[in-house]
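**Student:** Shown below is the structure under consideration.
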Amino acid sequence: MGQANQKVEVVVHIDNALEEESRDQIASRISEEEGIFSFDFCPQRHHLVLVQYDRTRLTSQDILHKVKGQNLCAQLVGPI
């Protein structure tokens, strides 16, 4: 199975209002986690995050836990 088949995307809604610097720091920390391919805030909707991750290593609940672990209130919106 190739990497493309293992990559899935999920949208996370973050309740907290975050400044650009905070968003950048959070994105940097989470995107460095093992099994995370990308963690990107939506350009015009900073409360939404698109996360690409390895489904063989993580679940959507793992992603939500990582986001909440940054002292954020968040919910899963769903897969893409």
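**Student:** What are the residues in segment 22-35 that are exposed (fewer than 14 other Cβ atoms within 10 Å of the Cβ) and assigned to a loop (DSSP other than H, G, I, E, B), if any?
**Tutor:** Glu32, Glu34
**Student:** Conditions: (1) touching a residue at least 60 places away in the same chain (Cβ under 8 Å); (2) exposed (fewer than 14 other Cβ atoms within 10 Å of the Cβ). Arg45 meets all but one. Number of the miss?
**Tutor:** So Arg45 meets the others, but not (1).
**Student:** Okay, next question. Considering only segment 63-75, state which residues are in contact with a strand residue (DSSP E or B) (Cβ under 8 Å, 6 or more places away or on another chain) and exposed (fewer than 15 other Cβ atoms within 10 Å of the Cβ).
**Tutor:** Within segment 63-75, Lys68, Cys73, Gln75 qualify.
**Student:** Can we say Gly78 is out of contact with any strand residue (DSSP E or B) (no Cβ under 7 Å at 6 or more places or on another chain) and of a type in the set (Gly, Ala, Ser)?
**Tutor:** The answer is no for Gly78.
**Student:** Find the residue count for segment 36-61, including only residues that are under 19 Å from Cys73 (Cβ atoms) and either at pLDDT below 95 or outside any strand (DSSP E or B) (or both).
**Tutor:** Qualifying residue count, segment 36-61: 6.
**Student:** Scan segment 54-71 and report the pairs whose first residue is closer than 19 Å to Ser28 by Cβ and without any contact (Cβ under 8 Å) to a residue 40 or more places away in the chain and whose second residue is in a helix (DSSP H, G or I) and of a type outside the set (Ser, Thr, Tyr), with Cβ atoms within less than 7 Å and a gap of 6+ or a chain change.
**Tutor:** Within 7 Å, the pairs are Lys66/Ile30.
The values are calculated or read from the model by the stated rules, or taken from the named source; none is laboratory data. Keep in mind the model is a prediction, meaning the values are calculated, not measured. So basically every Cβ, Gly included, is an ideal-geometry build from the backbone, and we count neighbours across all protein chains shown.
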